[in-house]
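Just below is one structure, and these are the notes that go with it.
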Amino acid sequence: MTLFILRRVIQSVFVLLAVSLVVFFAVYAIGDPVELLVSPDTSAAEREVMIRRLGLDLPIWRQYLVFLGNLAQGDLGTSFVHGVPAVELILQRLPATLELVVLSLVIAVSIGLPLGMIAGLAPETRTARTIMTGSIFGYSLPAFWQGMMLIFVFAVFLNWAPAAGRGDTVSLLGVEVSFLTADGWSHLILPAINLALPNLALVLRLAASGTAEARLQDYVKYARAKGVRRGRIVRRHILRNILVPVVTVIGVEFGSLIAYSTITETVFAWPGMGKLLIDSVYQLDRPVVVAYVMIATFIFVTVNLLVDLAYAMLDPRVELEKGAS
Amino acid sequence: MNAPSPNAARPLLEVRGLRTVFHSLAGAYAAVDGVDLSIAPGEVVGLVGESGSGKSVTGFSLMRLVDPPGEIVAGEVLFEGRDLLSLPESAMRAIRGDRIAMIFQDPLMTLNPVLTIGEQMIEAVTEHHGVGERAARTRAIEALGQVGIASAAQRLRQYPHEFSGGMRQRVAIATAMLNQPDLIIADEPTTALDVTIQGQILHEMQKLCEASGTALLWITHDLGVVAELADRICVMYSGRIVETGTADDVLDAPRHPYTAGLLGSVPSVNAPGSRLHQIDGTAPPLSARPTGCPFRTRCGNVLPVCAEIDPPLAGPVPGRGWRCHNPMPERDAA
């Protein structure tokens, strides 16, 4: 177990290095931030000073080495635009995004899993077909369109919930959160639903196919032969068996939601990491973009490790020592 | 041999005219086609037949565990006088695993891989009796001890993959015994196991049932197995019972050519060195069952009448009978 975790941590370091290399050079290729940072009437001398101050006079590979050197000391660079450390900027926005992502996953699982199991237990019924057909909309309609429709219907037309912003926040252990105020909830709910829908559909379909397969297994028939009640068969025998794929998907989606939340955050003007990323890309604020990608990768890698550890708990046949990555 | 069969007194289980069909696009095929069967308290009955003869479907039909596209369409399954087929599902559930237990063929597939052995044994008790988990655990430990599993308390915390095939089948037997059922239906429980383990399991099963007075319906394709175990034997072919009688009668003086053929192909009951017999052809698919007697296409004793009239089950005494127009010559049972 310890050996497994250690090996995974070492692998993760290499993943992070590779990602940093790619993103650093990619951002360099997008354009010259100096053009955006200085006003057109600045003198050439002032321009030179600024370029040197930002370290942009060095060749790209030297810039990268400087970046790596700072990285080793825990410094991911300073925002060109805001003049504060990029990490600080991102971590300020992290709670808003995490709040959104966690709530959307809770929605996806708490609705998708039961609906999927209902559909999987009796696949031939009309209810099951309705659920499965409905789930197609969940992942085939584009997220930004779903977001706009949610705003149109619930914010503009019905006026049930606000369309933008984060609402009132309260401080919880030094972190500003929305989900503890009524106003915060009303702001949170639409973007969370928007972010949840594709995953709800995904969890639903996974649960449905898993349940449809599991219910025909001999162990279910055997449990029935023991006189186990249907409710218990579903909750213990079937649910436990379909949890492994569901947990995998939730883990992987947790990482990608943090990335995909950019769209939702933009549509709903939610002040999270994703919104910051989009703003930073527009402003060619290289350190923030690079730091964002690094942090997102780090979260991704960490969650994947946690998912692997969760496997071993859910499926006793999984042996972590033998599985490589 | 001519004494009235013990089940004449008061059968524990009496099956009459059981018919289970499987629906398909081309129509319904009867996998079990009018089976009569009776089991006395404490009796061991062997239900013997080839793959596809309907013996397993018969077992599942008794438990009402036939899943679509299968359907029980006719017959009665009288258990202590109550017809199981007309019970509401909740009452049937209360009987399953408590009064009638079942052991499945493949122990690798029947235990849930992600639940501990303990949970799977304990639920068999707590779902039927209002006892606490602790009491159920104690009973599970006892039952595992009875089937020869050492350090049972630790074993309960383990998962199925930590058990060998033979061990898992012992767990299934222990689970079946937990509620001291009146009847255990064992569907080829030793087929998937090594021959040495087979013998042990057979022996343990016999001992346990004898000690607790549990009746046993042992479903198998292996006449050698029932020869060691059964009081009475029913031979099944193409969804019907083609010969029935005490184990001695059926094994020593088979009258149906199919039974005789099966016996000829068992190494353990034939003289060493003698050539094993083989029944020609294969069992007909349910969709293409011949007219008249379904065995006639493979039968050495076939007469013209066999193609026209399906012979009824008939015999000299209650509990002994065969379905054949031209049975094997009578021999005295040894």
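The values are calculated or read from the model by the stated rules, or taken from the named source; none is laboratory data. Please read all numbers here as calculations on a predicted model, not as lab measurements. Cβ: placed from backbone, ideal geometry, glycine included. Neighbour counts: every protein chain shown. Each accessible area value is taken on the protein alone, full model and side chains, heavy atoms only, with ligands, DNA and RNA left out. Shrake-Rupley method; radii C 1.70, N 1.55, O 1.52, S 1.80 Å.
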Next on the checklist: Quick check on my filter: what residues within segment A:50-68 are in contact with an Asp or Glu (Cβ under 9 Å, 6 or more places away or on another chain) and not in a helix (DSSP H, G or I)?
Outcome noted: A:LEU56, A:ASP57
Checklist entry - Could you say whether any residue in segment B:118-136 is away from chain A (no Cβ under 14 Å), aliphatic (A, V, I, L, M), open to solvent by 10 Å² or more (accessible area, probe 1.4 Å) and over 16 Å from A:TYR219 (Cβ atoms)? => result yes
Next on the checklist: Regarding segment B:94-102, can at least one residue be identified that is on the phi < 0 side of the Ramachandran plot and part of a helix (DSSP H, G or I)?
Outcome noted: yes
Checklist entry - Got a sec? Which helices (runs of 4 or more DSSP H) wholly within segment A:181-291 have at least 2 residues that are closer than 30 Å to B:ILE95 by Cβ and either in contact (Cβ under 8 Å) with a residue 12 or more places away in the chain or in contact with a helix residue (DSSP H, G or I) (Cβ under 8 Å, 6 or more places away or on another chain) (or both)? => result A:182-214, A:218-225, A:239-267
Checklist outcome for this item: Only one of A:VAL234, A:VAL267, A:VAL247, A:VAL228 is touching a strand residue (DSSP E or B) at 6+ places or on another chain (Cβ under 9 Å) and of a type in the set (A, V, I, L, M), namely A:VAL228
Item to check | Residues that are of a type in the set (Ser, Thr, Tyr) and surrounded by 24 or more Cβ atoms within 10 Å (Cβ to Cβ), drawn from segment B:101-117 | outcome: B:THR110
Item to check | Which listed residue, of A:ALA296, A:ALA259, A:ALA312, is aliphatic (A, V, I, L, M) and within 14 Å of chain B (Cβ to nearest Cβ) | outcome: A:ALA312
Checklist entry - Looking only at segment B:61-75, which residues are part of a strand (DSSP E or B) and either touching a helix residue (DSSP H, G or I) at 6+ places or on another chain (Cβ under 6 Å) or within 14 Å of another protein chain (Cβ to nearest Cβ) (or both)? => result B:GLY70, B:ILE72
Item to check | Condition check for B:LEU115: assigned to a helix (DSSP H, G or I) and either under 22 Å from A:GLY231 (Cβ atoms) or out of contact with any Asp or Glu (no Cβ under 9 Å at 6 or more places or on another chain) (or both) | outcome: no
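Do the conditions hold for A:VAL101, that is, is it part of a helix (DSSP H, G or I), in contact with a helix residue (DSSP H, G or I) (Cβ under 9 Å, 6 or more places away or on another chain) and open to solvent by less than 20 Å² (accessible area, probe 1.4 Å)?
In short, yes.
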Next on the checklist: Cβ contacts < 7 Å: first residue closer than 19 Å to B:PRO318 by Cβ and of a type in the set (Ser, Thr, Tyr), restricted to segment B:36-48; second residue part of a strand (DSSP E or B) and open to solvent by 20 Å² or more (accessible area, probe 1.4 Å), any location; separation 6+ or different chain. Result?
Outcome noted: B:SER38/B:GLU14
